[in-house]
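Written out below as structure tokens is the structure these notes cover.
The values are calculated or read from the model by the stated rules, or taken from the named source; none is laboratory data. Fair warning: this is a prediction, and the values are worked out from it, not measured in the lab. Ideal geometry is used to build each Cβ from the backbone, glycine not excepted, and the neighbour counts take in all protein chains shown.
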Amino acid sequence: MDSFFQRKAEEEKVKKEGRLPPGQALTQKFPVLHYGAIPPFDAQTWDFRVWGEVETPLRLTWEEFSQLPRTTLKMDIHCVTRWSKFDTRWEGVSVRSLIDSGLIKVKPQARFVIQHAEFGFTSNLPLEVVLQENFLMATHYEGQPITPDHGYPLRGIVGAIPEKKQLKTPYFWKGAKWLRGLEFSAVDKPGFWEQAGYHNDADVWMEERFGY
């Protein structure tokens, strides 16, 4: 009972701070939601690819990917199933940093980024969102490698940075678990959940949950 009242008090706090989007409720757990099985991981055969509207396609082994510059973020995350989790801490690789360093050179016609994950799963975002501070290719959560059910060894994550409200914040499904590559595209390509009826833009503050 004490935990219930504690959760409600914390929920009221973030609501007053303007951090709780409409239709959402605070959770102190980290629910696991995905479609299909958890894929195996083999560091010897795993690779990460970048292709499409880029000057030169890129392929990295797990060892090479692990040596890329790291970024840490503290964000609020919001799931379309109506739970929100606050002040979560992530570590991983920023797409913007790879572009700024010249490792990825994007062609002018690129407008969208399609995340390609295991089993052919995809998730789509505008390039401008992927280049925001609140998108990360994450390897760690709360100081530990992300667990297999949350996308180990690599997942896209997108959330809200409270002090930077100008950043567009999509629902959490817009970051793909078990990420294997990024396709830069001149045209949008709706991903798995968008094809199943979820909203293409998925803005949490607009409650863009479904595409009807």
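Remarks
- Among the residues of the stretch 115-135, those identified as closer than 14 Å to F48 by Cβ and either at pLDDT below 95 or of a type outside the set (G, A, S) (or both) are Q115, H116, E118.
- Any pair with Cβ under 6 angstrom, 6 or more apart, that starts in the stretch 33-47 at a residue that is over 16 Å from T61 (Cα atoms) and ends at one that is part of a loop (DSSP other than H, G, I, E, B): H34/K177; P39/W178
- Residues satisfying the stated conditions in the stretch 47-61, i.e. within 20 Å of I146 (Cβ to Cβ), buried (at least 17 other Cβ atoms within 10 Å of the Cβ) and out of contact with any Leu (no Cβ under 6 Å at 6 or more places or on another chain): L60
- Filter result (of a type in the set (F, W, Y) and closer than 22 Å to T139 by Cβ) within the stretch 172-192: F172, W173, W178, F184
- Some residue of the stretch 141-158 being basic (K, R), touching a residue at least 12 places away in the same chain (Cβ under 8 Å) and either out of contact with any Gly (no Cβ under 9 Å at 6 or more places or on another chain) or part of a loop (DSSP other than H, G, I, E, B) (or both): no
- For the stretch 7-26, a residue qualifies if it is more than 19 Å from A202 (Cα to Cα) and surrounded by fewer than 17 Cβ atoms within 10 Å (Cβ to Cβ), and the qualifying residues are R7, K8, A9, E10, E12, K13, K15, K16, E17.
- Test: residue in the stretch 111-122 that is free of Cβ contacts under 8 Å to residues at least 12 places away in the same chain, over 16 Å from the mean Cα position of the chain (by Cα) and farther than 30 Å from K15 by Cβ: yes
- Selection from the stretch 134-165 of residues that are acidic (D, E) and over 14 Å from T88 (Cα atoms): D149, E163
- Put simply, of E91, E128 the only residue that is acidic (D, E), surrounded by fewer than 17 Cβ atoms within 10 Å (Cβ to Cβ) and not in a loop (DSSP other than H, G, I, E, B) is E128.
- Qualifying residues in the stretch 94-112 (those that are surrounded by fewer than 18 Cβ atoms within 10 Å (Cβ to Cβ) and among the polar types (S, T, N, Q)) - the one farthest from E207 (Cα to Cα): S101
- The C-beta contact set for the stretch 7-25 (first residue at negative phi, second residue assigned to a helix (DSSP H, G or I), distance under 8 angstrom, 6+ apart or interchain) comprises L20/E11; L20/V14; A25/E11.
- Restricting the stretch 5-45 to residues that are in a loop (DSSP other than H, G, I, E, B) and of a type in the set (D, E), the residue that is modelled with the lowest pLDDT: E17
- Criterion applied to K177, K168, K189 was being over 17 Å from V80 (Cα atoms), not aliphatic (A, V, I, L, M) and not in a strand (DSSP E or B), and the one residue passing it is K189.
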